[in-house]
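Colleague: Pasting a structure here, questions to come.
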Amino acid sequence: MAAATGLLAFTLMSQTQKPAGVLKGLPGGQIEIDGDPFHNPMPAQESVLSDQQIADVLTFIRNNFGNKASAVTAGEVKVMRGK
């Protein structure tokens, strides 16, 4: 459950932070979620997934598992990809 909590916290970040995290990845090192330590970096997906695929995944998570948040668009991901 702790890993899911971390994923949901990630997907509820601001609209500008989410695509950057998926595109560029998140650094390794230890993080703590609900008191449990994790050492798993999130690998970058910019060379693997299209803008639309990243937007679709983030939108799905943001609107499932008890969440209700705005959609992420391919345009928002594209802007972050260019940074």
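The values are calculated or read from the model by the stated rules, or taken from the named source; none is laboratory data. Only a predicted model underlies this, so the values are computations on that prediction, with no experimental measurement involved. As a convention, Cβ positions derive from the backbone with ideal geometry for all residues, glycine included, and neighbour counts pool all protein chains shown.
Colleague: Anything in the stretch 60-83 that is in contact with a Ser or Thr (Cβ under 6 Å, 6 or more places away or on another chain) and either within 19 Å of GLY25 (Cβ to Cβ) or charged (D, E, K, R) (or both)? List them, or say none.
Modeller: Taking the stretch 60-83 first, the residues in contact with a Ser or Thr (Cβ under 6 Å, 6 or more places away or on another chain) are 61-62, 71-72.
Residues satisfying the conditions are ILE61, ARG62, VAL72.
Colleague: Only residues that are in contact with a Ser or Thr (Cβ under 9 Å, 6 or more places away or on another chain) and over 14 Å from LEU23 (Cα atoms): list them for the stretch 37-59, please.
Modeller: THR59
Colleague: Still on this model: Take the residues in the stretch 69-83 that are modelled with pLDDT of 85 or more and in a loop (DSSP other than H, G, I, E, B), then tell me which one is surrounded by the most Cβ atoms within 10 Å (Cβ to Cβ).
Modeller: Selected residue: VAL72.
Colleague: A further question follows. May I ask you to list the residues in the stretch 49-64 that are in a loop (DSSP other than H, G, I, E, B) and either among the basic types (Lys, Arg) or surrounded by 12 or more Cβ atoms within 10 Å (Cβ to Cβ) (or both)?
Modeller: LEU49, SER50, ASN63
Colleague: Separate question: Give me the pairs: first residue in the stretch 70-83 and more than 19 Å from PHE60 (Cβ to Cβ), second residue basic (Lys, Arg) and outside any loop (DSSP other than H, G, I, E, B), beta-carbon distance under 9 Å, and six or more apart or on different chains, which are they?
Modeller: Cβ pairs passing all conditions: LYS83/LYS24.
Colleague: Same structure again: Restricting the stretch 1-48 to residues that are at pLDDT 80 or above and buried (at least 16 other Cβ atoms within 10 Å of the Cβ), which is nearest to ARG81 (Cα to Cα)?
Modeller: For the stretch 1-48, the residue satisfying everything is GLU46.
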